[in-house]
Structure formats: structure tokens, C-alpha cells
1. Just flag the trypsin sites (Lys or Arg not before Pro) in the range 73-171 sitting in loop per DSSP whose Cβ has no more than 13 other Cβ atoms within 10 Å.
2. Looking at the range 349-453, which trypsin sites (Lys or Arg not before Pro) are in a loop (DSSP not H, G, I, E or B) and have at most 11 other Cβ atoms within 10 Å?
3. Let a ≥ b ≥ c be the square roots of the eigenvalues of the Cα gyration tensor of the range 129-208; is it rounded (a/c under 1.5), or, if not, prolate (a/b larger than b/c) or oblate?
4. For the chain, what Kirkwood radius comes out of the mean inverse Cα-Cα distance, in Å?
5. With every protein chain left in place, what is the accessible area per residue of the range 173-233 in square angstrom, probe 1.4 Å?
6. Let me see the pair-distance distribution of the range 252-307: every alpha carbon pair, 5 Å bin width, integer percents in order.
7. Check the straight Cα-Cα distances from Lys281 and name the aspartates and glutamates below 16 Å, setting aside those fewer than 8 residues away within the same chain.
8. If you roll a 1.4 angstrom probe over the protein chains with everything in place, what fraction of the accessible area of the range 1-139 belongs to carbon and sulfur, to the nearest %?
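The values are calculated or read from the model by the stated rules, or taken from the named source; none is laboratory data. What you see is a predicted model, and the numbers here were worked out from it, not measured in a lab. A quick note on method: Cβ atoms are made from the backbone with ideal geometry, for glycine too, and the neighbour counts reach across all protein chains shown. Just so you know, the surface numbers come from the protein's heavy atoms only, side chains and all, with ligands and any DNA or RNA stripped out. Shrake-Rupley method; radii C 1.70, N 1.55, O 1.52, S 1.80 Å.
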Amino acid sequence: MAKRSYTKTPMKEQDPIVRSTNFSEVALGYTDEEGRLEAIRCLQCKDAPCIQYCPVMIDIPGFIQAIKDEDMPEAYRIINRFSNLPAICGRVCPQEKQCEMVCRLGKSKKFEPVAIGKLERYVADWALENAVSEEPIPLDKGKVAVIGSGPSGLTVAGDLAKMGYEATIFEALHKAGGVLSYGIPEFRLPKSIVAKEINQIKAAGVKIETNVIVGRTITMEEIMDQFDACYIAVGAGTPNFMGIPGTGLNGVQASSEFLTRINLMHGYEFPKYDTPVKRSKKVAVIGGGNVAMDAARSAKRLGADQVTVIYRRTVEELPAREEEYHHSVEEGIEYEWLTAPVEYLGDGDGNLIGVKCIKMELGEPDDSGRRRPVPIPDSEFIIESSEVIEAIGQGPNKILLESYPDMNLNKWGYIDADEETCATNVPGLFAGGDIVTGAATVILAMGAGKLAAKEIDAYITQQKDQ
């Protein structure tokens, strides 16, 4: 047996100079040899903390042992019991803040944690390439409606199908996947991977109806009459804007619009698709999360000579994944730390020409526990730019929420659902993911979907026993 390496087995990547000009996937995946070399590093802890820190509670030591045993079908069977979207999670989940953060191997001063996410992707990609799937079971336990086909909706529907329920997903857009389809760029999450995993869920018996706007095309009352239970997972897709002077200038846009045009509307496949996407030589991106990284790196690939991320804290507080930040720096993305925009400047004809900024310093901690950025007087300066992409978060979409006043909302305008059961105040109506928590991660939304599936099963079973 090969000796356990001190460091993670590296995954090959596209050269930064080459990849900054294309939308092909950056990370290229493990070979069989690389996958086994990394699997050997796992200590096979009996009370594995990595399982507890996985929002969907995958048996991580179990599937890694199967890789070591060269039993890939078993590795996939283990993962599939817990996750409906492993090829997606293996690419975009923040494992470094979850399962890998508590890996006992990584607690040693000499060793890095096991690359759990890369191994999950390795197994899931193998299963997709070999068309491995589980046999569907009879769907005779009841009918459940799911509103929204993002990670939370796909998870609850997939789990319900495994339990024997007929699940129907209603999606407002013309394509399923939610943020997986419209928000995350091809170079980080290929559309073919999303489509294949959705097809796996459909093969289990889940129905997906697109172009259905609940609250317009069909009412919540009709859904509650036609189904035994309903799960709302519409995400948080309404963009927030800073609202500073000049926001209405031509060239200022929300990251959600920018990324939707690139991803869902095939802007990344120009010239095959002539999608209207602004292509500027100097671009500024406001924000520091993964969405800001996606927007900045996409702008670079569209031909920008200079892309500057403006963030009001320091790199230590950056919420984006370390891997995404590292990749962005390799690709030439520039950063203005401790900086906040105060005004967008125009040319007199309504077009953006620059961003007036002010330098910040970190003061006392705010409600989030992070030190609050405080403006430094007389520190204003200008960044030349003909395009600004604001990536400062998103809020709830009001169409469904306002059409169904029977459902309680919290003070922030999100659905008020019990965090332990996903139940709302309306019997038989459950909700989870970003529409409950606000914008979060793919895997946390999936965790809510798994919890909701169990609670929906318990609710329907109880109703039929009465």
C-alpha cells in the first residue's frame, strides 16, 4: 500500500493564462490512481466528525473505504443514499468549512485534511460516465408539490421519490436547476453535470414542470387542494442594490442579471448564441462572496483587460471560498481591500465612466461578529470603469409570497418556517433553503431539503392514519 501523503493529492487544472480566456471547467478531476492515493489518506475514524459536519450526513469514511477497495459501485451507492447531487456538491460545496474542517488527519500539524469534496466528485463523475443509477421504486404513498427546482427542491423531490412519493416540481424558468443553472458559471459547474444529475432525479420518477409561475400560472390554493403536501424552495433571487448616486447609469447592473445572461441565456457560448451581454475593458465588481468571484472571473473571460473587486473589509474576512479567490488571483483579477463605493460617475450622456470610492478601516464588531468597516475621512479616490457588477446579496421574490397571505413571513420578508421541521403555519406546507434562511450555500439548502422530506413523510403518514 502506498504511503499516506502529508498533503492532499492535487487535482490538475487548466493553466490560468489559458483558462482566463475560456469557460471550460478549471479543475479537471481525479484519475483512478489519484483518487485511490487520496482515499488512502483517510484514517477511517469510528466516530467520524466529518459526517456530523456534512449537512446531508454522508457516510464519508464508508464511501472512501470503498474507493480504497476499488469498489466504485459501492462508493456511489453509499453516497447516493445521502445525496442526490454529489457531482455538483463535490464541485461547489465549501468542504473546507464543513467536513474537511474537522477531519482528524488535518488536526495534525504535519497533515492536510483529506480532500473529501474532490473524492465525492470523483465517485459521482464515475457514476455519471458509467450511467449508474438506482432502480426506481413504486410511487404510491402520496403526492407532493415542490416549488422551485434549485438544490433544495431537487433534494426534497429526490428523497421523497426514494420514499415512494410522487413528487412534482414547479419551476418558473424554462430550465430546471435554479441557481445551479442561472448562477454558477460553466468554469466552476458545467451545465452538462447539472443536466445529468437532474436527469438522475427524473429517472427516479420525479416530474418537473417548467415555465410555471406559482402565484400567476397556478395558485397556492390550487396546489394545496391537489397535493397531500407542498414544499416551497424558491430561493432568494431578487437582487439588492447599494442605492448610491449614479445607480441608474448605463453600465451598472446586478450580478444576478449578469450571470443569468451568461449562464442560463448561453452568453458563455458566444458567438454560437448572440446573447446581449455587456463586454467592457474595465470592470468593477462590488462584494466579496462567491457570486462576486463568479462575476469577476466571468467578466475576465468575456474580454475585460482589467477587473477590480471592491471589498470593504480585508482578505481575512473575505466570505468567498479560498479556492475561488486563489483561482481569481491566478487569472489576473485585482482587489481593492478596505474600500467602498460611494458614487457612480457618468459621462453626461448616462454612461458609467468610473466609481468614486472611499477607504475604510475596521472598527468594533457588528451584529455578525465581524469588525464593522468605518470610512476614513478625505480618502476618496476614483477607479475608472465602464461596467459595475453589484454582488451584494439577494432577497426574496415577492410574487409567490404576496399571492398567498395565509403563510406567515418573518421580519425580513422570508418565509417563517420551523428550523427543526421546515413546517410553516399552514398545515401541510413546508419551506426551506434560501427563501427561509436568506442567501446561503448549495449544501445548506440541500440539508433543508433532506430534513423536509422526512418531515413531509411523517406528516402525510400521520394524516392517513387519522
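1. Working: sites: Arg77, Arg81, Arg91, Lys97, Arg104, Lys107, Lys109, Lys110, Lys118, Arg121, Lys141, Lys143, Lys162; in loops: Arg81, Arg104, Lys109, Lys110, Lys141.
Listed in order of number, the matching sites are Lys109, Lys110.
2. Numbers: sites: Lys356, Lys359, Arg370, Arg371, Lys398, Lys411, Lys450; in loops: Arg370, Lys411.
When the trypsin sites (Lys or Arg not before Pro) of the range 349-453 are filtered for loop state and at most 11 Cβ neighbours within 10 Å, Lys411 remain.
3. Details: a/c = 2.85, a/b = 1.42, b/c = 2.01.
Oblate.
4. Working: mean 1/r = 0.0426 Å⁻¹.
Roughly 23.4 Å, rounded to one decimal.
5. Details: 2460 Å² over 61 residues.
Accessible area per residue, the range 173-233: 40 Å².
6. 4, 21, 33, 26, 13, 2, 0
7. Answer for Lys281, where 16 Å is the Cα cut-off: Asp305, Glu331, Glu334, Glu384, Glu387, listed by chain and number.
8. Details: 3610 of 6790 Å².
Roughly 53 percent, rounded to a whole number.
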